[in-house]
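Just below is one structure, and these are the notes that go with it.
The values are calculated or read from the model by the stated rules, or taken from the named source; none is laboratory data. Values in this document were obtained by computation on a predicted structure and should not be read as measured data. Note that we place each Cβ from the backbone using ideal geometry, even for glycine, and neighbour counts take in every protein chain shown.
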Amino acid sequence: MVLSHPTALLVRWLHVAGVAVAVGGAALTWAASHRADSTGRIDPAHTALAVAATYEWLFWGSLGVVVAAGVGNLGSLGPGVSPLETTWGTTLALKLAILTAFLAGSAVRTLWISFAAGRPSDDAISVTRLRTVYGVTTLTLLALVGFGEVLAHG
């Protein structure tokens, strides 16, 4: 199925917008864990946890859009998708493998945040752990963006 030019453009725009929400939200959550640690006026762990809990909802919503639009992007390429034996095909396979592992790790991250949000005690969450988890999330998403750039522009 070949998409019309306006439809293909909309699908690509949705893909980029979804990625922007996922990456930007992860970076902001990481930054919130740093900021919360440096201020003495508020409880740092619970403030960062509230930001993280909100991000998780945005993350999964945006990832749904990204995956759907990614499938749409591949569908618009149709028979033009290069086989696995090519550099492009290998790059796509590697991106999808990293994405699959990332999604599994993200499910664990979301469960951890959900559990911690339900138990507002000092031992439920650590700002240092939040910082690490959302730093890794941000870096992984940026790596996936890099793969996307290589795939889109050679």
Filtering the stretch 70-93 down to residues that are assigned to a helix (DSSP H, G or I) and out of contact with any helix residue (DSSP H, G or I) (no Cβ under 7 Å at 6 or more places or on another chain) yields Val71, Leu74, Gly75, Leu77, Gly78, Pro79, Gly80, Thr87, Gly89, Thr90, Ala93
Listed by first then second residue, the pairs whose first member lies in the stretch 130-154 and is touching a residue at least 40 places away in the same chain (Cβ under 8 Å) and small (Gly, Ala, Ser), whose partner is in a helix (DSSP H, G or I) and loosely packed, with under 13 Cβ neighbours inside 10 Å, with beta carbons under 7 Å and at least 6 positions apart or on separate chains, are none
Exception for Gly61 within (1) at pLDDT 95 or above; (2) closer than 30 Å to Ser4 by Cβ; (3) surrounded by 15 or more Cβ atoms within 10 Å (Cβ to Cβ) falls at (3)
Requested in this report: Please indicate, with yes or no, whether at least one residue in the stretch 116-134 is modelled with pLDDT of 90 or more, more than 18 Å from His15 (Cα to Cα) and surrounded by 15 or more Cβ atoms within 10 Å (Cβ to Cβ).
Outcome: yes
